[in-house]
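So the structure is just underneath, and the comments pick up after that.
The values are calculated or read from the model by the stated rules, or taken from the named source; none is laboratory data. These numbers come from a predicted model, not from an experiment. Heads up, the Cβs are rebuilt from the backbone with ideal geometry, glycines too, and the neighbour counts pull from every protein chain shown. Protein only, heavy atoms only, side chains kept; ligands, DNA and RNA dropped before computing areas. Shrake-Rupley method; radii C 1.70, N 1.55, O 1.52, S 1.80 Å.
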Amino acid sequence: MSDAQRVAIHRDNPDGKIRVLFAHGAGAGLQSDFMQYFALGLALHDIDIVRFNFPYWQKFMDSGVRRPPNPMPQLEHCMQTVAAQFEDDKPLYVMGKSMGARVAFRIADSVEAKGAIGLGYPFHPLGKPDKLRLDDLQNHCTQNLILQGERDGFGKPAEVAEYSLPANVAVQWLAHGDHSFEPTKRSGVERREVWQTAIDRVCDFIAQHA
């Protein structure tokens, strides 16, 4: 049985003209508030959003027993298998939250994606700024996008400014946001404002490059 058959898949706006394959992060599946908000927000812009659970998360949903993420090759294979289910000619983008962003960037070439989009990219493990994950960003897409909260502990502005990023990777910063684009109460900004800004930027990126 393939990964795609074992895991849940959910589509928002299947009639959208552009498809975005959306991978979740390590600690939450396709039904998290973050995943649902972004999927539904993008679906309003004529985008066919495909959400899915990686195998380890689907096993957690089925059993109630927490499991660590699958090894990266298994995560990649799962996302590639989901992408392979669609045989139409819709332009494809791959997008992910945190860990899912790493997977998206790594498989972009193999699924012939127009571009990869990272929402809160984990440039390094939390508290380990020397263990960089820049090699995962290498692909042959014309342009890729990373949206990063200014308070993200997995890669803050001063750190990222020192990195030698691929020329086809653009990083845009979200004011007040953390790794999940959550603002502080002191900022006076509501979460939905930051999340909507991120959705608008994804839509602008796709419109410019589709």
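Defining a contact as two alpha carbons under 8 Å apart and six or more residues distant in sequence, what relative contact order in percent does the chain show? All intermediate terms of the calculation are to be shown ahead of the outcome.
Values: 424 pairs, mean separation 34.9, N = 210.
Relative contact order, the chain: 17 percent.
The range 93-157 to the range 170-194: how many Å between their Cα centroids?
18 Å
Apply 1/(1 + (r/R0)^6) to the Cβ-Cβ distance of GLU193 and ALA167, taking R0 = 35 Å, and write down the FRET efficiency to the nearest 0.05. Please report the intermediate quantities before stating the final value.
Numbers: r = 31 Å, r/R0 = 0.90.
The calculated FRET efficiency here is 0.65.
Quick one: if the Förster radius is 25 Å, what FRET efficiency do HIS10 and LYS128 give, using the C-beta to C-beta distance and rounding to 0.05?
Working: r = 33 Å, r/R0 = 1.33.
The computed FRET efficiency comes out at 0.15.
Put a dot 7 Å past each Cα toward the Cβ at ASP62 and GLN85; how far apart are the dots in nm?
Each label point lies 7 Å from its Cα, and together they span 1.5 nm.
Kirkwood hydrodynamic radius, computed over distinct alpha-carbon pairs, for the range 20-70: how many Å, to one decimal? Don't jump to the answer; show the numbers that get you there.
Working: mean 1/r = 0.0867 Å⁻¹.
Computed over the range 20-70, the radius equals 11.5 Å.
State the extension gain, in nm to one decimal, for the chain segment bounded by ARG201 and GLN138, taking 0.36 nm per residue of separation less the distance between their alpha-carbons.
20.5 nm
What does the accessible area per residue of the chain come to in Å², with a 1.4 Å probe and no ligands, DNA or RNA counted?
Details: 10080 Å² over 210 residues.
Result: 48 Å² of accessible area for each residue.
Under a GNM of the chain (C-alpha, springs under 10 Å), which listed residue has the highest mean-square fluctuation: ARG191, ARG151, ARG106?
Residue with maximal mean-square fluctuation among ARG191, ARG151, ARG106: ARG191.
Tally Lys/Arg at +1 and Asp/Glu at -1 over every other residue whose Cβ is under 11 Å from the Cβ of PHE60; what's the total?
On the way: positive: LYS59, ARG66, ARG67; negative: ASP62.
In short, +2.
For the range 148-197, what is the Kirkwood hydrodynamic radius in Å, using each pair of distinct C-alpha atoms? Write out the running numbers ahead of the final one.
Numbers: mean 1/r = 0.0871 Å⁻¹.
Mean inverse Cα-Cα distance, inverted, gives 11.5 Å.
With runs of 4+ DSSP H residues as the only contributors, calculate the mean residue ellipticity of the chain at 222 nm using -39,500 (n - 2.57) per run, divided by the residue total and rounded to the nearest 500.
Values: 7 runs with 69 residues, N = 210.
Calculated at 222 nm, the ellipticity per residue is -9500 deg cm²/dmol.
Assuming a viscosity of 0.692 mPa s and a temperature of 37 °C, what translational diffusion coefficient in µm² per second does Stokes-Einstein assign to the chain, Rh being the Kirkwood radius over Cα pairs?
On the way: Rh = 17.1 Å.
The estimated diffusion coefficient comes to 192 µm²/s.
At R0 = 45 Å, how high is the FRET efficiency between ARG186 and GLN208 if r is their beta carbon distance? Nearest 0.05 is fine. Could the numbers behind the result be given before it?
Details: r = 34 Å, r/R0 = 0.76.
Calculated transfer efficiency: 0.85.
With all pairs of different alpha carbon atoms counted, what Kirkwood hydrodynamic radius in Å does the range 132-174 show? Please report the intermediate quantities before stating the final value.
Numbers: mean 1/r = 0.0912 Å⁻¹.
Value: 11.0 Å, from the Cα pair sum.
Summarise the accessible area of the chain (1.4 Å probe, protein heavy atoms) by the percent that is carbon and sulfur.
Values: 4800 of 10080 Å².
The nonpolar share, carbon plus sulfur, comes to 48 percent.
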